[in-house]
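Readers should treat all values here as calculations from the given coordinates under stated rules, not as data from a laboratory. Computed from a predicted model, the values in this text were never measured in an experiment. Cβ: placed from backbone, ideal geometry, glycine included. Neighbour counts: every protein chain shown.
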Amino acid sequence: MYYNDLITSSTTKSKTSWNIINSEIGTASNKRHTQTEFNLGSKTININQAAKTFNSYLINLVYDLITQDSNSELALSSLRESFPYEFPQITNIPISEAEVTSTTSSLKNKTSCGYDGLSNKILKLCGSHISKPLNYVFNISLTSGICPDRLKYAIIKPCFKKGDKSQISNYRPISILTGFSKIFKLLIFHRLKQHLVGNNILVTEQYGIRDNVSTESAIFKLIESMFSAWNNKELITGIFCDLTRAFNCISHQLLISKLEFYGVKGPILNWLQSYLYNRKQRVELQFISSPYILSNWEIVRHGVPQGSVLGPLFFNVYTNDFPCIISKVSDIILFADDTNILISSNNFTELHSKLNAVLRCIPKWFQNNQLVLNLNKTHLVKFISFKSPSYPLYVSYNKHALTVIENIRFLGLYLDCHLT
């Protein structure tokens, strides 16, 4: 009965079921760290310094990644060339009390708390009592263009990816945001989405956030393109791009300039700038052998929070003009930071020429937009039907030869070069 109640009351029944199964068979993951020390390069960090080192690493990593040759003016010039016209404007987004109430009730029943100590569950239980004062505060904040500092605090919990658990570089940051900020950001997200999607500002190559499209739509487009090429007796190759710490590398000033270009102006633009600037984060670690260890608060000067609904939306805006620079020679499929470029031709010489043309265009765009392509995880796949002859393929990106592989994981789906 106990497990039945847990599953019934859960908003993620599949996840809860697997957690119970793993717990019973002894394979459940423990969120407490078992290490007695961590490593950062050749340096050994004891657990007392681990939180501070994690925070410093996450904040300063971006400065080691982005090139000093980036040029935001060239990035904006490319943006204007891609869209040589003006977009409709959004300047104010007055919020009603009913919207605050419905948004609060839509929160997931999570018990995790941010800096303010308020969980989603608590906010939902008292939603009818707090909607009026929250509505007042939110509207004052928006009309003044100022985001309250207390809504800009995030607790970071490093989440292990894979590899050596003692290596700090093998963890990704998960932001635990304040309860009130989640409500506020959801309200702003829906208005910004309405502006970007309703006015057809987001390009059709982007499958994230837009209505009536999803990961399944992106995968279907990929497979459809391959079969279309095969039916036309064409060669087709995919470039599967991996961006290093994509959300962390976003330039605040360049993002604000792009939002303004897409018609976000006035108080709402000021509010978004206020929200991005001078955000603070600290790292929280919990060990088997000790209580919670916290770092000091540090200012975040790059990137957008991972864990916020605004993060993917900001990234989509930031990269919205990327397909335009290569659309004449390729098809592109985007889902947030998952990027796939498809190139087809009826002969090898032209295919190779198109591949090189794409790989000449994208380095400068990434550089000027302060994004970094991970060449160790960016691969080529030659999609070949069983009736098609194989062909040699060698292309490079900034003098680095890209690896040709036969199997790839794209948006959670494993594909091989024959689609078998």
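To the nearest 20 Debye, how big is the dipole of the range 275-395 about its Cα centre, given +1 on the beta carbon of each Lys and Arg and -1 on that of each Asp and Glu?
Working: 11 positive and 7 negative charges, 41 e Å.
Dipole size: approximately 200 debye.
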Query raised in the report: Taking only the alpha carbons of the range 208-315, what extent do you get along each of the three principal axes, in Å, biggest first?
Result: 60, 49, 24
Query raised in the report: Any idea which of Gly238, Gln286, Gln306 is furthest toward the positive side of the dipole for the chain, if Lys and Arg beta-carbons carry +1 and Asp and Glu beta-carbons -1?
Result: Gln286
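On a 20 Å Cα-Cα criterion, which of the cross-link pairs Lys233/Lys382; Lys108/Lys182; Lys157/Lys280; Lys152/Lys182; Lys162/Lys185 come out too long? Each step should come with its number before you reach the end.
Working: Lys233/Lys382 14 Å; Lys108/Lys182 11 Å; Lys157/Lys280 14 Å; Lys152/Lys182 11 Å; Lys162/Lys185 31 Å.
Violating the 20 Å limit, Cα to Cα: Lys162/Lys185.
How much of the calculated P(r) for the range 285-414 lies past 25 Å, in percent of all Cα pairs? Display every interim value, and only then the final one.
Values: 3462 of 8385 pairs.
Result for the distance tail: 41 percent.
Fewest to most neighbouring Cβ within 10 Å: what's the order for Glu284, Glu99, Glu406? Intermediate values should be presented prior to the final figure.
On the way: Glu284 16, Glu99 19, Glu406 13.
So the ranking, lowest neighbour count to highest, is Glu406, Glu284, Glu99.
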**Report entry** Ordering of 313-319, 336-342, 65-71, 386-392 by burial proxy (mean other Cβ atoms within 10 Å per residue, highest first)
**Finding:** 313-319, 336-342, 65-71, 386-392
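Based on the Cα atoms of the range 174-262, what semi-axes does the equivalent ellipsoid have, where each is the square root of 5 times one gyration tensor eigenvalue, given in whole Å with the largest first? List each step's numbers first, then the result.
Details: eigenvalues 211, 57, 43 Å².
In descending order, the three semi-axes are 32, 17, 15 Å.
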Report summary line: Of the convex hull enclosing the alpha-carbon atoms of the range 70-152, the direction-averaged projected area in nm² is 8.7
Requested in this report: Putting +1 on Lys and Arg Cβ atoms and -1 on Asp and Glu Cβ atoms, find which of Asn71, Thr111, Ser228 reaches farthest to the positive end of the dipole of the chain.
Outcome: Thr111
Query - Over 22 Å [Cα-Cα, the range 37-182], rounded percent - result: 62
Requested in this report: List the extent of the Cα atoms of the chain along each of their three principal axes, largest first, rounded to whole Å.
Outcome: 66, 55, 48
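Semi-axes of the range 244-300's equivalent ellipsoid from the Cα gyration tensor, sqrt of 5 times each eigenvalue, largest first, rounded to whole Å? Don't skip to the answer; put the middle values down first.
Values: eigenvalues 228, 34, 12 Å².
For the range 244-300, the semi-axes come out at 34, 13, 8 Å.
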Report task. May I have the pair-distance distribution P(r) for the range 226-266, computed from all Cα-Cα distances with 10 Å bins from 0 and rounded to whole percent? Result -> 22, 22, 20, 24, 12, 0
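Let me have the 222 nm mean residue ellipticity of the chain computed from DSSP H runs of 4+ only, each contributing -39500 (n - 2.57), with the sum over all residues rounded to the nearest 500. If you can, show how the numbers build up before the last one.
Numbers: 13 runs with 172 residues, N = 420.
Counting only the DSSP helices, I get -13000 deg cm²/dmol.
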Requested in this report: Just need the relative contact order of the chain here, percent rounded to a whole number, with Cα pairs under 8 Å and 6+ apart.
Outcome: 21
Query raised in the report: What are the principal axis extents of the Cα atoms in the range 186-231, in Å, biggest first?
Result: 45, 17, 11
Query raised in the report: Arranged from highest to lowest average of other beta-carbon atoms within 10 Å per residue, in what order do the peptides 273-280, 349-356 appear?
Result: 273-280, 349-356
Report task. Putting +1 on Lys and Arg Cβ atoms and -1 on Asp and Glu Cβ atoms, find which of Asn170, Gln367, His418 reaches farthest to the positive end of the dipole of the chain. Result -> Asn170
Query raised in the report: Does the range 288-353 come out rounded, prolate or oblate, given a ≥ b ≥ c as the square roots of the eigenvalues of its C-alpha gyration tensor, rounded meaning a/c under 1.5 and, failing that, prolate meaning a/b above b/c?
Result: prolate
Query raised in the report: Want the number for Ile140 to Glu224: 0.36 nm per residue separation, take away the alpha-carbon distance, what's left?
Result: 25.4 nm
Report summary line: Which residues qualify? For Arg279, with a placed amide H closer than 5 Å and at least 5 residues away or on another chain, they are Val300
Report summary line: Cα-based Debye curve of the range 151-216 sampled at q = 0.13, 0.21, 0.22, 0.27 Å⁻¹ gives log₁₀ I(q)/I(0) of -0.63, -0.90, -0.91, -1.01
